[in-house]
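Encoded as structure tokens, the structure appears first; notes follow it.
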Amino acid sequence: MEVAPALEHIASQDFECAIRRETGRVLVACLRQDFDTLEQEEHLKAVARKYDGQFRIWVLDAHGQDVFHVKHHIVGTPTYVLFENGVEKDRTFGKLNSQALAEFVSRTID
């Protein structure tokens, strides 16, 4: 039985401490909390299954995103930022389907 990888929701005030402790790859999804969020989360789960544990996925909770957005120069949502060992490696902006999200991730981890 296949278990879909869980998305971890993280509060923006916890992000800096968590990313400093992280020793692998993390895809951070900055999503507006609306109907499209569910669709984007399904695409994130599909990509996580494809890459099977090669990175973690954190969905940044909407509360307090303004502080995170300013510090990390996020100009809108959805924005996806890929970190490796706590350092930003790549980012993309806009609503992505599973294929486009996989192509973004593969630029960094393949």
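The values are calculated or read from the model by the stated rules, or taken from the named source; none is laboratory data. Computed from a prediction, not measured in an experiment: that's the story for all the values here. Cβ: placed from backbone, ideal geometry, glycine included. Neighbour counts: every protein chain shown.
Suppose we keep only residues that are in contact with a helix residue (DSSP H, G or I) (Cβ under 6 Å, 6 or more places away or on another chain) and in a helix (DSSP H, G or I) within region 30-49. Which one would you say is surrounded by the most Cβ atoms within 10 Å (Cβ to Cβ)? Out of the qualifying residues, it is V47.
Going by the structure shown, is A100 part of a helix (DSSP H, G or I), surrounded by fewer than 18 Cβ atoms within 10 Å (Cβ to Cβ) and in contact (Cβ under 8 Å) with a residue 40 or more places away in the chain?
On the way: part of a helix (DSSP H, G or I): yes; surrounded by fewer than 18 Cβ atoms within 10 Å (Cβ to Cβ): yes; in contact (Cβ under 8 Å) with a residue 40 or more places away in the chain: no.
The answer is no for A100.
Looking only at region 51-93, residues that are surrounded by 14 or more Cβ atoms within 10 Å (Cβ to Cβ), modelled with pLDDT of 80 or more and in a helix (DSSP H, G or I) come to 1 in all.
Quick check on this structure: which one of I19, I109 is at pLDDT below 85 and surrounded by 12 or more Cβ atoms within 10 Å (Cβ to Cβ)? Break it down into steps so the answer makes sense when it comes.
On the way: I19 fails: at pLDDT below 85.
Criteria check complete, one pass: I109.
What's the total number of residues in region 41-65 that are closer than 15 Å to N97 by Cα and in contact with a Phe, Trp or Tyr (Cβ under 9 Å, 6 or more places away or on another chain)? Number satisfying all stated conditions: 3. Any residue at all in region 56-64 that is within 17 Å of F15 (Cα to Cα) and of a type in the set (G, A, S)? Within region 56-64, one or more residues are within 17 Å of F15 (Cα to Cα) and of a type in the set (G, A, S).
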